[in-house]
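Below you'll find the structure, written out as structure tokens, and then a few comments.
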Amino acid sequence: MFFKKDYTHYEYARDKADGLAIISIMFKPTLVVPPYKVMQHLGDILMPLNRIVLSNDDIFTLFDLIGSTDWNFFAYKGSLTHPPCTENVQWIIADYFCKIRRGEVPLFRTLINQDEIEMADNFRELQKINEHRVFYYEKSKKKEKKRKELMFCNQSTLRSFV
């Protein structure tokens, strides 16, 4: 989750119409994946705001985990998936899966959010679409993103799409 720098903190941004953006990347458990440096330290940062000191050899970036950002994606304005569930989030959903070792999935399920609740099974019931517009951004051969509107959603069109 990211917040607009004008608001300086999540608490200020979460109630603003243009305050939040979430990038969602799905993980696909597999048997053979090179180890990610982040996984070596995930157990040390279970709680929000935990800090650890890494040696130069252990430093990693988000790109070490997700690879390039040169992927197609879906985008729509939606809501937070946890209280206060405000409808002010710009969702960006990658159109591909990151690979992760099957044995590493349980580590992600032990992470704790800012409300001290495990982040496992952190989904909620299907919500009304409220006629959100869903866009698909596709990389062209010229390496520029092309935007096309997929649909003006209602509940039935989203179910048939997913």
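The values are calculated or read from the model by the stated rules, or taken from the named source; none is laboratory data. Computed from a predicted model, the values in this text were never measured in an experiment. In this analysis, Cβ positions are derived from the backbone assuming ideal geometry, glycine residues included, and neighbour counts consider all displayed protein chains.
Of a type in the set (Phe, Trp, Tyr), touching a residue at least 60 places away in the same chain (Cβ under 8 Å) and closer than 30 Å to Asn130 by Cα: is that true of Phe27 in this structure? Can you show your working first?
Details: of a type in the set (Phe, Trp, Tyr): yes; touching a residue at least 60 places away in the same chain (Cβ under 8 Å): yes; closer than 30 Å to Asn130 by Cα: yes.
In short, yes.
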Given the conditions (1) within 21 Å of Lys128 (Cβ to Cβ); (2) free of Cβ contacts under 8 Å to residues at least 60 places away in the same chain; (3) surrounded by 11 or more Cβ atoms within 10 Å (Cβ to Cβ), every one holds for Pro83 apart from (3)
Leu42 being over 24 Å from Tyr137 (Cα atoms), of a type in the set (A, V, I, L, M, F, W, C) and in a helix (DSSP H, G or I): yes
Hand me the list of strands (runs of 3 or more DSSP E) wholly inside the range 85-162 holding 2 or more residues that are modelled with pLDDT of 70 or more. 89-101, 133-139
Test each condition in (1) of a type in the set (Ser, Thr, Tyr); (2) modelled with pLDDT of 85 or more; (3) within 27 Å of Arg133 (Cβ to Cβ) for Thr8 and report the one that comes out false. (3)
Could you tell me whether any residue of the range 15-27 is surrounded by fewer than 16 Cβ atoms within 10 Å (Cβ to Cβ), assigned to a loop (DSSP other than H, G, I, E, B), out of contact with any helix residue (DSSP H, G or I) (no Cβ under 8 Å at 6 or more places or on another chain) and not hydrophobic (A, V, I, L, M, F, W, C)? yes
